[in-house]
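S.K.: If you scroll down you'll find the structure; I have some questions about it.
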Amino acid sequence: MGRVSTPTARVRLSPEQRRRQLLDLGTRLFATRAVEEISIDVLAEEAGVSRGLLYHYFGSKQDFREAVIRHAVEDLVEQTAPPASGEPLERLAASVGVYVDYVLANLTGYRSLVRAAAGGSEELRAIYEEARAALTDRIFREDSLGEHLSDDPATRLVVRGWSALVEETVLTWAQEPSAMSRDALVDTLVAALPALVGVIADGAAG
């Protein structure tokens with residue numbers, strides 16, 4: 001595997017800028033490595049960064065790993081922000097499309113994060129759940145007028161379930177993308193949300 005490249009120019013960075021730079025380098029490891037393989041030792045070797053510098057900013061190997069994962073999922077939330085304009089479902093489609101691309105680009109790390117969150121790591125589960133909650137809340141914010149969603153407990157439950165459906169479907173599709181095209185996958189996932197929410201309305205009407 002190639003080394004993680006670092007800038008060649010010497011630039012004086014503030015402590016916060018330096019820490020973020022190290023997190024950016026660590027996040028690159030997330031694309032091709034499982035969560036348990038992300039470590040200070042690996043980054044120090046591949047990026048040519050001293051272990052002492054990494055320990056100075058992160059304290060321990062576990063703190064470094066958790067900081068990198070948090071940085072990665074925050075990046076996911078930021079990248080999948082929908083466009084500022086357009087119909088709600090069009091904006092959702094854009095967001096889901098970016099999510100699909102993100103998972104493909106970071107498949108090894110993302111899959112291992114999902115497994116780690118489900119497998120008993122309380123710290124990683126907390127980071128994962130925070131990201132899931134942020135993505136769910138954003139869906140309601142983007143439809144603040146209630147054009148497609150009513151912000152009530154039943155609808156939030158269904159939206160959270162839909163988020164899990166999206167995640168599992170995308171991870172499964174990534175293993176066998178010949179099953180359908182990327183665009184067909186996005187269209188299917190987007191169409192599933194109003195269909196599921198519609199079941200609530202039909203049940204209430206009945």
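The values are calculated or read from the model by the stated rules, or taken from the named source; none is laboratory data. Source: prediction; values computed, not measured. When we count neighbours, we look across all protein chains shown, and the Cβ atoms used for this are built from the backbone with ideal geometry, even at glycine.
S.K.: So which of Thr136, Thr108 ends up being free of Cβ contacts under 8 Å to residues at least 60 places away in the same chain, in a helix (DSSP H, G or I) and not assigned by TED's automatic domain parsing to the domain that holds Arg51? Lay out the reasoning, then the answer.
M.R.: On the way: Thr108 fails: free of Cβ contacts under 8 Å to residues at least 60 places away in the same chain.
That would be Thr136, the only listed residue that is free of Cβ contacts under 8 Å to residues at least 60 places away in the same chain, in a helix (DSSP H, G or I) and not assigned by TED's automatic domain parsing to the domain that holds Arg51.
S.K.: Give me the pairs, please: first residue somewhere in the range 32-51 and polar (S, T, N, Q), second residue anywhere and outside any loop (DSSP other than H, G, I, E, B), beta-carbon distance under 6 Å, and either six or more positions apart or on two chains.
M.R.: Here the result reads Thr32/Thr108; Ser39/Lys61, each pair linking the range 32-51 to a residue that is outside any loop (DSSP other than H, G, I, E, B).
S.K.: Hey, another quick one. Given the options Gly97, Gly86, name the one that is over 27 Å from Ser121 (Cα atoms) and modelled with pLDDT under 90. Explain how you work it out, then say what you get.
M.R.: Working: Gly97 fails: modelled with pLDDT under 90.
None of the other options fit; the residue is Gly86.
S.K.: Okay, moving on. Out of Leu124, Leu149, I need the residue that is closer than 29 Å to Asp63 by Cβ, touching a helix residue (DSSP H, G or I) at 6+ places or on another chain (Cβ under 7 Å), surrounded by 14 or more Cβ atoms within 10 Å (Cβ to Cβ) and of a type in the set (A, V, I, L, M, F, W, C). Which one? First the steps, then the outcome.
M.R.: On the way: Leu149 fails: closer than 29 Å to Asp63 by Cβ.
None of the other options fit; the residue is Leu124.
S.K.: Tell me the residue from Tyr110, Tyr99 that is closer than 20 Å to Pro83 by Cα and aromatic (Phe, Trp, Tyr), please.
M.R.: Details: Tyr110 fails: closer than 20 Å to Pro83 by Cα.
Only one candidate qualifies: Tyr99.
S.K.: Now a separate question. Which residues, counting only those in the range 23-67, are acidic (Asp, Glu) and in a loop (DSSP other than H, G, I, E, B)? Step through it out loud before you land on a result.
M.R.: Going through the range 23-67, the residues acidic (Asp, Glu) turn out to be 24, 36-37, 41, 45-46, 63, 66.
Across the range 23-67, there are no qualifying residues.
S.K.: Moving on. Which of (1) hydrophobic (A, V, I, L, M, F, W, C); (2) part of a helix (DSSP H, G or I); (3) out of contact with any helix residue (DSSP H, G or I) (no Cβ under 6 Å at 6 or more places or on another chain) does Ala81 not meet, given it meets every other one?
M.R.: Checking Ala81 against (1) hydrophobic (A, V, I, L, M, F, W, C); (2) part of a helix (DSSP H, G or I); (3) out of contact with any helix residue (DSSP H, G or I) (no Cβ under 6 Å at 6 or more places or on another chain), the one that fails is (2).
S.K.: While we're looking at this one, here's another question. Scan Arg91, Arg70 and give me the residue that is assigned to a helix (DSSP H, G or I), surrounded by 17 or more Cβ atoms within 10 Å (Cβ to Cβ), in the same structural domain as His148 (by TED's automatic domain parsing) and modelled with pLDDT of 90 or more. Explain how you work it out, then say what you get.
M.R.: Numbers: Arg70 fails: in the same structural domain as His148 (by TED's automatic domain parsing).
Of Arg91, Arg70, the one residue that is assigned to a helix (DSSP H, G or I), surrounded by 17 or more Cβ atoms within 10 Å (Cβ to Cβ), in the same structural domain as His148 (by TED's automatic domain parsing) and modelled with pLDDT of 90 or more is Arg91.
S.K.: I've got another one for you. When the residues of the range 100-113 are filtered to those that are of a type outside the set (Phe, Trp, Tyr) and either surrounded by 18 or more Cβ atoms within 10 Å (Cβ to Cβ) or over 14 Å from the mean Cα position of the chain (by Cα) (or both), which remaining residue is modelled with the highest pLDDT?
M.R.: Residues of the range 100-113 of a type outside the set (Phe, Trp, Tyr): 100-101, 103-109, 111-113.
Pick out the ones that are also either surrounded by 18 or more Cβ atoms within 10 Å (Cβ to Cβ) or over 14 Å from the mean Cα position of the chain (by Cα) (or both) and you get 100, 103, 106, 109, 112-113.
Details: Val100: 97, Val103: 94, Asn106: 92, Gly109: 90, Ser112: 90, Leu113: 89.
It comes out as Val100.
S.K.: Look at Gly59 and say whether it is touching a residue at least 24 places away in the same chain (Cβ under 8 Å), surrounded by fewer than 19 Cβ atoms within 10 Å (Cβ to Cβ) and out of contact with any helix residue (DSSP H, G or I) (no Cβ under 9 Å at 6 or more places or on another chain). Break it down into steps so the answer makes sense when it comes.
M.R.: Working: touching a residue at least 24 places away in the same chain (Cβ under 8 Å): no; surrounded by fewer than 19 Cβ atoms within 10 Å (Cβ to Cβ): yes; out of contact with any helix residue (DSSP H, G or I) (no Cβ under 9 Å at 6 or more places or on another chain): yes.
In short, no.
S.K.: Arg33: outside the structural domain of Ala117 (by TED's automatic domain parsing), at pLDDT 90 or above and more than 30 Å from Phe140 (Cα to Cα), yes or no? Write out each step before concluding.
M.R.: On the way: outside the structural domain of Ala117 (by TED's automatic domain parsing): yes; at pLDDT 90 or above: no; more than 30 Å from Phe140 (Cα to Cα): yes.
The answer is no for Arg33.
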